[in-house]
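Novice: Below is the structure I would like to discuss, written out as structure tokens.
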Amino acid sequence: MGEINVYGIYFPILLVQAVIAYVLFKLLTPLTDRLVQKGWIALPSIFNLCFYLGLMLLVHWLFVWLWV
């Protein structure tokens, strides 16, 4: 991977990807909360972890294919 230089401060690409995935997670959480309230999701904490990791994978995939 590498780093992004912002005014002399280096940020790892993985950190940038994690922040973008977290913002997407926070934007999409109200939609998944409806499913939790209806009882369609049995273990919400495990679902949220897997959902965040899926978003992280999606963001990483986009960085790999669009950054090159």
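Novice: State all residues of the range 16-68 that are assigned to a helix (DSSP H, G or I) and among the aromatic types (Phe, Trp, Tyr); if no residue qualifies, say none. Walk me through how you get there before you give the answer.
Specialist: Our first condition is that a residue be assigned to a helix (DSSP H, G or I); within the range 16-68, this holds for 16-38, 44-67.
Within the range 16-68, Tyr22, Phe25, Phe47, Phe51, Tyr52, Trp61, Phe63, Trp65, Trp67 qualify.
Novice: How do the pairs read when you match residues in the range 7-23 that are of a type in the set (S, T, N, Q) with residues anywhere that are in a helix (DSSP H, G or I), using Cβ under 7 Å and keeping only pairs 6 or more apart or on different chains?
Specialist: Gln17/Met56; Gln17/Val59; Gln17/His60; Gln17/Phe63
Novice: Hey, could you check the range 24-52 for residues that are open to solvent by 80 Å² or more (accessible area, probe 1.4 Å) and aliphatic (A, V, I, L, M) and say which is farthest from Trp65 (Cα to Cα)?
Specialist: Once the filter is applied, the top-ranked residue is Ala42.
Novice: List pairs: first in the range 35-62 and closer than 12 Å to Tyr22 by Cβ and touching a residue at least 40 places away in the same chain (Cβ under 8 Å), second in a helix (DSSP H, G or I) and not small (Gly, Ala, Ser), Cβ under 6 Å, 6+ apart or cross-chain?
Specialist: Val59/Gln17; Val59/Ile20
The values are calculated or read from the model by the stated rules, or taken from the named source; none is laboratory data. Since the structure is predicted, the reported quantities are computational estimates derived from the model, not experimental observations. Cβ coordinates were reconstructed from backbone atoms using ideal geometry, including for glycine residues, and neighbour counts include every protein chain displayed. Quick note on the areas: whole protein, heavy atoms, side chains included, nothing else; ligands and nucleic acids left out. Shrake-Rupley method; radii C 1.70, N 1.55, O 1.52, S 1.80 Å.
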